[in-house]
Number of protein chains: 2
Amino acid sequence: MQTFLSSATTTVKINTDGPMVIIGEKINPTGHKRLAEALQGGDFDYVRELAARQVAAGADVLDVNVGVLGLDEVALLTQAVKVVTSEVNVPVCLDSANPEALATALAAVPGKPLVNSVNGKEASLQAVLPVVKDRGAAVIGLTMDDHGIPKDAETRLAIAGKILERAAKVGIPAEDVIIDPLVLSMGVDTTAGAVTLRAIELIRQEFGVNINLGASNVSFGLPERQVINQAFLALAAGAGASCVITDPMKLAMAVRAIDLLLGRDAYARRYITYFRAHAKEGPASH
Amino acid sequence: MQTFLSSATTTVKINTDGPMVIIGEKINPTGHKRLAEALQGGDFDYVRELAARQVAAGADVLDVNVGVLGLDEVALLTQAVKVVTSEVNVPVCLDSANPEALATALAAVPGKPLVNSVNGKEASLQAVLPVVKDRGAAVIGLTMDDHGIPKDAETRLAIAGKILERAAKVGIPAEDVIIDPLVLSMGVDTTAGAVTLRAIELIRQEFGVNINLGASNVSFGLPERQVINQAFLALAAGAGASCVITDPMKLAMAVRAIDLLLGRDAYARRYITYFRAHAKEGPASH
């Protein structure tokens, strides 16, 4: 199955058979003090810089989140999206839980963006899906609902089914819904990775849709996070994930390696090209 | 399925459901000049050092290969194995294509060792399997035959079947045959990783045996080998490999991360313990 996103002039195809699509996560003020302060000051230079750096580092799509307590998200999301789309030519992923902010920003952005996110909560389904449908956008569906994030893979599968069904009802086709089976931190519950991997397999098998992964949370609270994140990405790709929200500066090389290993990179062209453009100086990477 | 190996006093269980078992590969003079010279000089101090370092770094089993052109492998393998088993208390994996060297060394080693390797060539099957059976050892079966290493996964599956059948005929049970589906270098053929991953899936599905992986060769000739090797290990483990011949100094942390992600490390005990014992100083690993 294929999900198409676009900017003003370019199209990104997310294919269930890969190669993996990277959604850059860095434009998000959560735990990112410098960005929060810049947004508070109405200064978008840093947003611009984060956009350019992530695209240079291999991001195919950019997530844009401007949620800072006390700021007007409706105005700010639109401003930020305009800044990003004037700086780089990749599709954007509008990251907000505020339907009004989403609707306003969706109207301001060219092409076909992605919305991050809807989930299985009744309020979310009712508020977000119509906005996505009206704009002809695609949407990420998180497998959580009014009871929270299920501990088990089977309930996450059921929520994915519910989101797909409700999306279909308002006229959003399955190819425009990317399911994110969510991953909790293994620092809190060490079975979290395995549950998410199982959910990926089940959802892929049952619905055949594109699956997104937030690839950093899994290692929160544990040492050597990069080693865990890389291994998780590989396991998730092997299980059927086709898309990842992550820091391309840290994980794009690993994504290229995974695509190469899965036979999706003829003559290693993308791998070698990426390496040549981004090879780190200094000690060999671990 | 479970393969049991033992040293004089310890047992190692290789289980198809994991956790991954690490066979340390460093006692091998191929491309390792210092070791080749030490063996030529009859000096075993470096063998001793490599044995101790690998076990400290997380090796569960040690591969012992002393193939140096011009040296008497029959005498040398036995000497080396005695040195290794006097230095560390893990099962050994006798790595030789010489049946006489294998038979002699097998007689000198305590416990239940592993033999590396038999393959689908008629000469290999006839020479190696009886020696393995006589000693009650386990054996690694490489999926190659008189036509070389097959380009496709299906033929490797067929060779695995042949090895298992021939082993059964001389009285070696399937649990004492660990199949290695081989991996060629992606530097030569960029589909090599994908073919091996497919072979792992097929062999695991069809025969349910333990599967071993040589995890370094895949990246030969490519840059950022560590990134590729780590991703390959994760994909292979996800596909069903339960055992890896590798450099534990480089990949044991990744193996621990994979087991944790696959839900095989309750409370992350092994991961954290390994990290505490081996955390690198200096810049965070990549």
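The values are calculated or read from the model by the stated rules, or taken from the named source; none is laboratory data. The structure presented is a predicted model; accordingly, all values stated were derived computationally and were not measured. Using ideal geometry, Cβ is built from the backbone for each residue, glycine included, and neighbour counts are taken over all protein chains shown.
A few points about this structure:
- Taking the numbered list (1) assigned to a loop (DSSP other than H, G, I, E, B); (2) modelled with pLDDT of 95 or more; (3) among the hydrophobic types (A, V, I, L, M, F, W, C); (4) surrounded by fewer than 17 Cβ atoms within 10 Å (Cβ to Cβ) in turn, A:Val66 passes all entries but (4).
- A count restricted to the range B:118-146 and to residues that are buried (at least 22 other Cβ atoms within 10 Å of the Cβ), touching an Asp or Glu at 6+ places or on another chain (Cβ under 9 Å) and outside any helix (DSSP H, G or I) stands at 9.
- Qualifying residues in the range A:147-196 (those that are among the basic types (Lys, Arg) and surrounded by fewer than 22 Cβ atoms within 10 Å (Cβ to Cβ)) - the one modelled with the lowest pLDDT: A:Lys151
- Search result, residues across the range A:149-202 that are closer than 29 Å to A:Gln226 by Cβ and assigned to a strand (DSSP E or B): A:Ile178, A:Ile179, A:Asp180
- Here A:Gln226, A:Gln205 are screened, and the one residue that is in a helix (DSSP H, G or I), within 17 Å of A:Gly24 (Cα to Cα) and not hydrophobic (A, V, I, L, M, F, W, C) is A:Gln226.
- Any hit, the range B:23-32, residues being within 18 Å of B:Cys93 (Cα to Cα), in a loop (DSSP other than H, G, I, E, B) and of a type in the set (Gly, Ala, Ser): no
- Which numbered condition A:Ser216 misses (of (1) in contact with a strand residue (DSSP E or B) (Cβ under 7 Å, 6 or more places away or on another chain); (2) of a type in the set (S, T, N, Q); (3) farther than 23 Å from B:Ile272 by Cα): (3)
- Inter-residue pairs, beta-carbon under 6 Å, first buried (at least 24 other Cβ atoms within 10 Å of the Cβ) and in the range A:237-248, second assigned to a helix (DSSP H, G or I) and not β-branched (Val, Ile, Thr), 6+ apart: A:Pro248/A:Gln54
- Taken over the range A:44-78, the criterion of being aliphatic (A, V, I, L, M) and over 28 Å from A:Met253 (Cα atoms) is satisfied by A:Val68, A:Leu69, A:Leu71, A:Val74, A:Ala75, A:Leu76, A:Leu77.
- Per-region count, the range B:257-270, residues within 7 Å of chain A (Cβ to nearest Cβ) and surrounded by 17 or more Cβ atoms within 10 Å (Cβ to Cβ): 8
- Test: residue in the range A:9-28 that is out of contact with any His (no Cβ under 8 Å at 6 or more places or on another chain), of a type outside the set (Ser, Thr, Tyr) and more than 29 Å from A:Ala237 (Cβ to Cβ): no
- Taking the numbered list (1) within 13 Å of chain B (Cβ to nearest Cβ); (2) out of contact with any Gly (no Cβ under 6 Å at 6 or more places or on another chain); (3) surrounded by fewer than 24 Cβ atoms within 10 Å (Cβ to Cβ) in turn, A:Leu222 passes all entries but (2).
- Filter pass, B:Ala199 being crowded, with 19+ Cβ neighbours inside 10 Å, within 19 Å of A:Ser219 (Cα to Cα) and more than 7 Å from chain A (Cβ to nearest Cβ): no
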